[in-house]
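Structure record follows, encoded as structure tokens.
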Amino acid sequence: MFTRKRVTGFILSLVFVLLLGYWVFSNIRGAFLSLAEDRQLQTVAAVTTSFPEDDVEAWLTRTGPQRSAYLIAFVPSLPAPGEPIRATGDEALLALCDRSYAESEFARGFDNVAYEEVYRAKGEWTAGKVSGSLVFAPVLTSGEGGALLLLFDQAGERSFLQLLHVLSAVALLLFTLVLWQILFSRDPITGFAIVGLFLMTLTFVAYPLFEALRLSFVQEGRFSLEIWRSILSSRNYREALFGSLTLGFWTATTSTAVGFLFAFVCSRTNVRFKTFIATMGTLPVISPPFSLTLSVILLFGNNGLITRFLSSLGVSDFSIYGLPGLVAVQTMGMFPIAFLTLSGVLEAIDSTFEEAALNLSASRWETFSSVTLPLALPGILSAWLLVFTNSLADFANPLILSGNFRVLSLESYLEVTGMNRLGHGAALSILLLLPTLTAFLVQRFWVSRRSFVTVTGKPSGRITELTTPAARRVLTTLIAAIILLLLMLYGTIIAGCFVKNWGIDYSFSLENIGEALSRARDALVDTVTLAGIATPIAGFLAMIAALLIVRKKFAGKRLLEALLMTPFALPGTLVGISFILAFNRPPLILVGTAAIIVINYVVRELPVGIEGGIASLRQIDPAIEEAATDLGADSATVFRTIVLPLIRPAFISSLSYTFVRSMTAVSAVIFLISARWYHLTVLIYNFSENLRFGLASVLSTVLIFIVFGVFGLMRLMVRRNENLAKSITHGA
Amino acid sequence: MSTPNKVSKVSKSVRLENIVKIFQDPQSGQKVTAVDNVSFELLPGELVTLLGPSGCGKTTVLRMLSGFEQPSSGRILIGGTDVTQVPANKRDTAMVFQSYGLFPHMNVFDNVAYGLKLRKLPHAEVEEKVLRFLDMVGLKDLAKRPPSRLSGGQQQRVALARSLIVEPSVLLLDEPLSNLDALLREQMRVEIRRLQKSLGITAMYVTHDRVEAMSLSDRIIVMQSGRIIQIGTPSEIYRNPVNPFVAGFVGKAAFFSCTVRAIGERCAVEVKGQTFELPRWASGLAPGASAVVMARPESLLLGKPGTGIEDGTVTTNVYLGSSVESWVSTELGDILVQIDNPDVKKVWAEGERVSLTFDPDLAKVLSPEDEPA
């Protein structure tokens, strides 16, 4: 590998590129600097010709301060070398003169002026806040002569040169990495993939997060704890933190209860319509944000159908805005998370345990409370923590429903968009990250390890009826009530499309549909386009990353895995804020482009795809890929012809997941949209804020149909692959 | 099954020079030497088996040969060319995996054709060649089946055809028969040997099954704890093992402690007061050293109690037609004695007291330091 020939080749081409790069770099630099110098000299010429015959003071104040490009001072009589300078003009410049009159550049400057030459002093000079080049110019019009001192601000030049440095360094680094891979790697394709993923995560995960953290510690250009002090001492923000935690606690608790109810009925009883129950228990998780919220407003809002009905009955102090309403809506939207987690757990608990208990003449209740429940406990805790994290990060529901109740995700949004205090917004979302990340890590590394389920082996496929008929009736009634409520909520959105003006005029109308579709056409096209671009990118990247993590050995694998997975635990508001912080200035200006939205989708939805890819790759015998390599396929060919077809179900799930999530994104994307690139969910929000509920209903319905359609399609495609999945796990 | 046409390519030699492989435990960071300074050579067209208990490094050697692992130091030469740095996909080897590694999403035909398609051969040529090789392994009729609907033996044949069709310089087989039942294993053993011989391909076979190694190989390399213990033909290894480990690993053997008395034309040893002169002995033995006599079941003799060197009781007789296997329980443990031509020789009844001795012409003196496995 490291033969002398290759090492010399590497060093020689590196030296060559360094020299070439330096030549290009110094040419650009030189050309730019001489251009800047020319401009300065032109300015000097213009200034000296405009020098007045009298009232120099007034002229100085006229030319100097309001022109921020340079500072100016007038020296009426040229001093002898080393003598103090008597001058009038800008005070900072005079201070500079007092400080450095003894320096040789000054002597040289006045020397040149004496010969009526313009002189540009060497080096950089600083006066007050301005630093740049100092120019000595002779005053030609005045009879007795004199000198003008001009200090040009070169901040623009400096930042350009800085950018030039950064870009050259990045180009050189990339070249070195590519050259290294080509010359020294046995598997350059894998090497490029690893380097590429590292660059991507460092640029789009680590860098924005670092910027957000940095900004929360910086005030007026220097390190300061001011933002954190103001946040932690403010009663409002403490209230918001407490509010987020309270909301998370209640939502997690009720969602887990409802999720357990659904999961228990589906896996431990013999009720009918289980498929329907399971579907209803899954749908809300892919519903667009604002859709359930919207229908809750339509029904229970200040002007809602049910609110009106209640007030006609004399109940007047009913309000959905605030904690109880939020808990209810979040539960409706998030109990599927608990349901999916818990049904996996309950299905994996072998019924023979319960049969054993029943056989030992335990009653059904005793069996449930002494066998089923303890076995499911880690799962229950896990579900609770997952919902808790989701509730904390939730942004869409509080945006519409919070009323006077404060939560952190919303506060950080208001800081950024309402008060334009990016630092405060960043700090608040970092504050939100703490409980989220804690819950996430506890769930991941503690609860999931304590799970008993994996020990029990494969489910037997039999179900032991654990409920008495009476208990079953209670359970089914509860479930029926929840499903009815859900159906009512979805029904309300659809009904909202056909009502002229909800809350005022309930007559049938198709006007809203026409208006909504024409006003939202651009946003709809944008939303679908952006999601459509992000979907294949995220899908392929997820599978490639999964392959690298499962199959390849390389330095920094754990770091790469952590970087790739981090966005999963980040609240959307934090991602959004950190993106606008990091990408609204050089070297990467992306704010306002479609790219920033696509990148945001990809980075945020990648972790779930990677997890899916990892899980399905672990089921595949590595010998299958090795056999292909052995027959002469390189890494890319193995990926294309073997890995991708084998993990197709995971690939398709990852694609549809990314698409659905991108279509229904709101918390991060609301910071990143621009006039050119808009998102449908934000438009739905705007319409419902403006009480145009009809328009919002139409768009929600459209979004629901698109999302459910894609989801259904994915289910069909994956099911067709089940045969394949089985044969893979059986080893041949 | 048709007789295979001889693969036109000239088969190549393989040489490993001072190969060392050190693995690092990803958790503890501890370094483990899996292969310790291994050197050997395969002659063109030869089938050599790496034999050893699991964990002895034999599979690692094979994976380094195929290019899946990179040796920590040492050189690998195929046909005289240094391929140590050549990645697996560019190396002229083909491997048959223990789990076959068939592509589950392709049918039998596409599995076998995979390597040819990568080489961008014309379509007609691919088809002709695949069918010829499928015919060779007797699977022409199953070309359209997915691998999941094949029996274990059939899957094995597909894997074999898939490797052979790319005409590799070296065929590598990693315990290819371990997933088959006993009868199929015997069949496939014959099959592999037939294909390998008729194609004249150089092959390296890895197994922990001594019967497989004995019946297939031109030569056997016995490995233990990452080191080569002995290289030789099957009969050399069986008759003339270098130490008790090899003796015990490649076949049944009884071991009797002894003291070396003299070494000249033959090696004189004293076992329980009796002196024997054996024609074969391990190097490094000197008069006065304690040693062991290794005797195979067929070189053990039974007699009346007190006549031999160790007394015991016959516990079980297994009648095999051409021979009888008698298990004798002694203070040294249960010892297997093979009595050939039982119709002529005396077979002691179960429960009878007997005395054991050995035929010195067929036994060997070994240094006792390595305990038999």
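The values are calculated or read from the model by the stated rules, or taken from the named source; none is laboratory data. Just so you know, these numbers come straight off a predicted model, no measurement behind them. Every residue, glycine among them, receives a Cβ derived from its backbone with ideal geometry; neighbour counts consider all protein chains shown.
Looking only at the stretch B:315-327, decide whether some residue is within 26 Å of B:PHE245 (Cα to Cα) and touching a residue at least 40 places away in the same chain (Cβ under 8 Å). No.
Condition check ((1) surrounded by 19 or more Cβ atoms within 10 Å (Cβ to Cβ); (2) basic (Lys, Arg); (3) farther than 30 Å from B:LEU50 by Cα) across all residues:
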site: B:GLU236; (1), (2), (3): no, no, no
site: B:PHE249; (1), (2), (3): yes, no, no
site: B:LYS252; (1), (2), (3): no, yes, no
site: B:SER257; (1), (2), (3): no, no, no
site: B:VAL269; (1), (2), (3): yes, no, yes
site: B:LEU278; (1), (2), (3): yes, no, no
site: B:TRP281; (1), (2), (3): yes, no, no
site: B:LEU285; (1), (2), (3): no, no, no
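Highlighted here are the strands (runs of 3 or more DSSP E) found entirely within the stretch A:97-213 that include at least 2 residues which are buried (at least 18 other Cβ atoms within 10 Å of the Cβ) and without any contact (Cβ under 8 Å) to a residue 40 or more places away in the chain: A:130-138. What is the residue count in the stretch B:340-365 for residues that are of a type outside the set (Lys, Arg) and within 19 Å of B:PHE256 (Cβ to Cβ)? Of the residues in that region, 11 qualify.
Residue-level analysis places A:TRP59 among those that are surrounded by 14 or more Cβ atoms within 10 Å (Cβ to Cβ), without any contact (Cβ under 8 Å) to a residue 12 or more places away in the chain and either among the β-branched types (Val, Ile, Thr) or assigned to a helix (DSSP H, G or I) (or both). The set of residues in the stretch A:318-360 being more than 27 Å from A:ASN397 (Cβ to Cβ) and either in contact (Cβ under 8 Å) with a residue 40 or more places away in the chain or outside the structural domain of A:THR293 (by TED's automatic domain parsing) (or both) consists of A:LEU346, A:GLU347, A:ALA348, A:ILE349, A:ASP350, A:SER351, A:THR352, A:PHE353, A:GLU354, A:GLU355, A:LEU358. Taking the criterion of being surrounded by fewer than 21 Cβ atoms within 10 Å (Cβ to Cβ) and either among the hydrophobic types (A, V, I, L, M, F, W, C) or more than 14 Å from chain A (Cβ to nearest Cβ) (or both), the residues of the stretch B:48-73 that qualify are B:PRO53, B:SER54, B:GLY55, B:PHE68. Of the strands (runs of 3 or more DSSP E) lying entirely inside the stretch B:306-373, those containing at least 3 residues that are among the hydrophobic types (A, V, I, L, M, F, W, C) span B:323-330, B:333-340, B:353-358.
Residue pairs whose Cβ atoms lie under 8 Å apart, sitting 6 or more positions apart in sequence or on different chains, and linking a residue in the stretch B:12-40 that is assigned to a loop (DSSP other than H, G, I, E, B) to a partner that is surrounded by 14 or more Cβ atoms within 10 Å (Cβ to Cβ) and small (Gly, Ala, Ser), are B:LYS12/B:GLY79; B:LYS12/B:SER169; B:SER13/B:GLY79. If you filter the stretch A:429-470 down to residues that are touching a Gly at 6+ places or on another chain (Cβ under 9 Å) and among the aliphatic types (A, V, I, L, M), you find that the one that is modelled with the highest pLDDT is A:ALA439. Just one of the listed residues (A:THR275, A:THR254, A:THR269) is modelled with pLDDT of 85 or more and more than 26 Å from A:VAL499 (Cβ to Cβ), and it is A:THR254. Restricting attention to the stretch B:82-109, report how many residues are more than 10 Å from every other protein chain (Cβ to nearest Cβ) and closer than 22 Å to A:PRO645 by Cα. Final tally of qualifying residues: 3.
One line per residue, one yes/no per condition, for (1) outside the structural domain of B:THR330 (by TED's automatic domain parsing); (2) β-branched (Val, Ile, Thr); (3) within 12 Å of B:PRO368 (Cα to Cα); (4) free of Cβ contacts under 8 Å to residues at least 12 places away in the same chain:
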{"site": "B:THR275", "(1), (2), (3), (4)": "no, yes, no, no"}
{"site": "B:ALA282", "(1), (2), (3), (4)": "no, no, yes, no"}
{"site": "B:LEU285", "(1), (2), (3), (4)": "no, no, yes, no"}
{"site": "B:VAL292", "(1), (2), (3), (4)": "no, yes, yes, no"}
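Among the residues of the stretch A:640-659, those that are buried (at least 21 other Cβ atoms within 10 Å of the Cβ) and either in contact (Cβ under 8 Å) with a residue 24 or more places away in the chain or within 31 Å of the chain's Cα centre (by Cα) (or both) comprise A:VAL643, A:LEU646, A:ILE647, A:ALA650, A:PHE651, A:SER653, A:SER654, A:LEU655, A:SER656, A:TYR657, A:THR658, A:PHE659. I'm checking my understanding of the structure. Among residues of the stretch A:619-637 that are crowded, with 22+ Cβ neighbours inside 10 Å and small (Gly, Ala, Ser), which one is nearest to the other protein chains (Cβ to nearest Cβ)? Ranking the qualifying residues of the stretch A:619-637, first place goes to A:ALA627.
Looking at the stretch B:191-230 only, could you name the residues that are in contact with a helix residue (DSSP H, G or I) (Cβ under 9 Å, 6 or more places away or on another chain) and of a type in the set (D, E, K, R)? Within the stretch B:191-230, B:GLU191, B:ARG193, B:ASP209, B:ARG210, B:GLU212, B:ASP218, B:ARG219 qualify.
Being aliphatic (A, V, I, L, M) and farther than 30 Å from B:PRO53 by Cα is a description that does not apply to B:VAL337. Restricting the first member to the stretch A:541-553 and to residues that are under 17 Å from B:GLU69 (Cα atoms), and the second to residues that are outside any helix (DSSP H, G or I) and acidic (Asp, Glu), the beta-carbon pairs closer than 9 Å and six or more apart or on different chains are A:LYS552/A:ASP187. Of all residues in the stretch B:223-234 being hydrophobic (A, V, I, L, M, F, W, C) and crowded, with 20+ Cβ neighbours inside 10 Å, which is nearest to B:ALA295 (Cα to Cα)? Filtering first and then ranking leaves B:ILE229.
The one condition from (1) crowded, with 20+ Cβ neighbours inside 10 Å; (2) modelled with pLDDT of 85 or more that A:LEU478 does not meet is (1). Which of the residues belonging to the stretch A:381-399 are of a type in the set (A, V, I, L, M) and buried (at least 22 other Cβ atoms within 10 Å of the Cβ)? Hits for the stretch A:381-399 are A:ALA383, A:LEU385, A:LEU386, A:VAL387, A:LEU392, A:ALA393, A:ALA396, A:LEU399.
Tallying residues that are under 20 Å from A:VAL265 (Cβ atoms) and not in a helix (DSSP H, G or I) within the stretch A:351-379 yields 1.
Residues that are farther than 25 Å from A:ASP394 by Cα: list the helices (runs of 4 or more DSSP H) wholly contained in the stretch A:216-298 that include at least 3 such residues.
Of the helices (runs of 4 or more DSSP H) lying wholly inside the stretch A:216-298, those with at least 3 residues that are farther than 25 Å from A:ASP394 by Cα span A:235-268, A:274-286.
Which helices (runs of 4 or more DSSP H) sit wholly inside the stretch B:111-220 and have at least 3 residues that are within 14 Å of another protein chain (Cβ to nearest Cβ)? Before the answer, list the steps.
Details: elements: B:123-136, B:152-164, B:182-199, B:210-216.
Per the criteria, B:123-136, B:152-164.
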